[in-house]
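I have placed the structure first, in the form of structure tokens, so that the comments after it can refer back to it.
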Amino acid sequence: MGVATSPEAVVASPLGSVWPFLNRSAAVAAPRLLGCTLVSTVGGRETRGVIVETEAYSGRDDPASHAHASKRRTPRNDAMFGQGGTLYVYISYGIHHCVNVVTGADGDPAAVLIRALEPRVGVDVMQERRGRDTDLCNGPGRLSQALGITMRHNHHDLALPPIRLLPGPSVDQAEVGTSGRIGVSRAADWPLRFFVKGHPAVKAPRL
């Protein structure tokens, strides 16, 4: 089932001051991000997708987090310590860029991984970047490539171009699925993955 987007709103920087839920924990923000729109104008070409799958990483108390208490603050995870409403981008397996929305207060590391989008605008651009016509945004690395998001967007304020986060209608609770997280070796069973039930872009296991 598709998720409808709302009209674009004018927001002020930083985004966390406009959307209070981004200043809360990643576990609270992750389901609230479903239905919101991620907009990219990288290279002057606009692409948009509605968020249909997310995964929360809580920070110092989360064994699967890049900012767990056992880890130091480094250039790689530094963006996680930023203010809610900014971007944390990292490279997975040395190849794939992964997009995360930082949540919580400045200095308290937490982030929500965006796992899948429903393509809405600039599908032809997404196809060109992905080199294919299907499977454009059904995975963290795929959606980053489709939207042209790279490490140069790390720390970016999502209230501002070229990468913006726009509000959308809340997804009905009955349509939101929850499961353990994917691709992590620790705390994989924590129910911090959220998705729109039955959505075709949600390709990973749903249980």
Residues of the stretch 123-143 satisfying the condition of being open to solvent by less than 20 Å² (accessible area, probe 1.4 Å), more than 14 Å from His96 (Cβ to Cβ) and of a type outside the set (Val, Ile, Thr): Met126, Leu136
Answer residue from the stretch 172-184, given it is out of contact with any Lys or Arg (no Cβ under 6 Å at 6 or more places or on another chain) and open to solvent by less than 30 Å² (accessible area, probe 1.4 Å) and is nearest to Lys197 (Cα to Cα) among those: Val176
Residue among Arg152, Arg120, Arg129 that is in contact with a helix residue (DSSP H, G or I) (Cβ under 8 Å, 6 or more places away or on another chain) and outside any loop (DSSP other than H, G, I, E, B): Arg129
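Can you give me the number of residues within the stretch 117-141 that are of a type in the set (Lys, Arg) and in contact (Cβ under 8 Å) with a residue 24 or more places away in the chain?
Taking the stretch 117-141 first, the residues of a type in the set (Lys, Arg) are 120, 129-130, 132.
Applying the additional criterion that residues be in contact (Cβ under 8 Å) with a residue 24 or more places away in the chain yields 120.
Qualifying residue count for the region: 1.
Table: residues versus (1) assigned to a loop (DSSP other than H, G, I, E, B); (2) closer than 26 Å to Ser25 by Cα; (3) of a type outside the set (D, E, K, R); (4) out of contact with any strand residue (DSSP E or B) (no Cβ under 8 Å at 6 or more places or on another chain).
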| residue | (1), (2), (3), (4) |
| --- | --- |
| Asp124 | no, no, no, yes |
| Asn138 | yes, yes, yes, no |
| Leu160 | yes, yes, yes, yes |
| Val171 | yes, yes, yes, no |
| Val184 | yes, yes, yes, yes |
Unmet criterion (only one of (1) at pLDDT below 85; (2) under 17 Å from Ile163 (Cβ atoms); (3) not polar (S, T, N, Q)) for Gly44: (1)
Close pairs (9 angstrom Cβ cut-off, 6 or more residues apart or separate chains): more than 22 Å from Val39 (Cβ to Cβ) and open to solvent by less than 40 Å² (accessible area, probe 1.4 Å) in the stretch 82-100, at pLDDT 95 or above and not in a loop (DSSP other than H, G, I, E, B) anywhere: Ser92/Cys98; Ser92/Pro140; Ser92/Gly141
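Can Ala27 be described as closer than 21 Å to Gly177 by Cβ and part of a helix (DSSP H, G or I)?
Values: closer than 21 Å to Gly177 by Cβ: yes; part of a helix (DSSP H, G or I): yes.
The answer is yes for Ala27.
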Restricting the stretch 29-73 to residues that are free of Cβ contacts under 8 Å to residues at least 60 places away in the same chain and buried (at least 16 other Cβ atoms within 10 Å of the Cβ), the residue that is farthest from Leu136 (Cα to Cα): His68
All positions within the stretch 185-196 that are open to solvent by 20 Å² or more (accessible area, probe 1.4 Å), charged (D, E, K, R) and touching a residue at least 40 places away in the same chain (Cβ under 8 Å): Arg186
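The values are calculated or read from the model by the stated rules, or taken from the named source; none is laboratory data. These figures come from a predicted structure and were not determined experimentally. Please note: Cβ atoms are built from the backbone with ideal geometry, for glycine as well, and neighbour counts cover all protein chains shown. These accessible areas exclude ligands, DNA and RNA; they are computed on the full protein's heavy atoms, side chains included. Shrake-Rupley method; radii C 1.70, N 1.55, O 1.52, S 1.80 Å.
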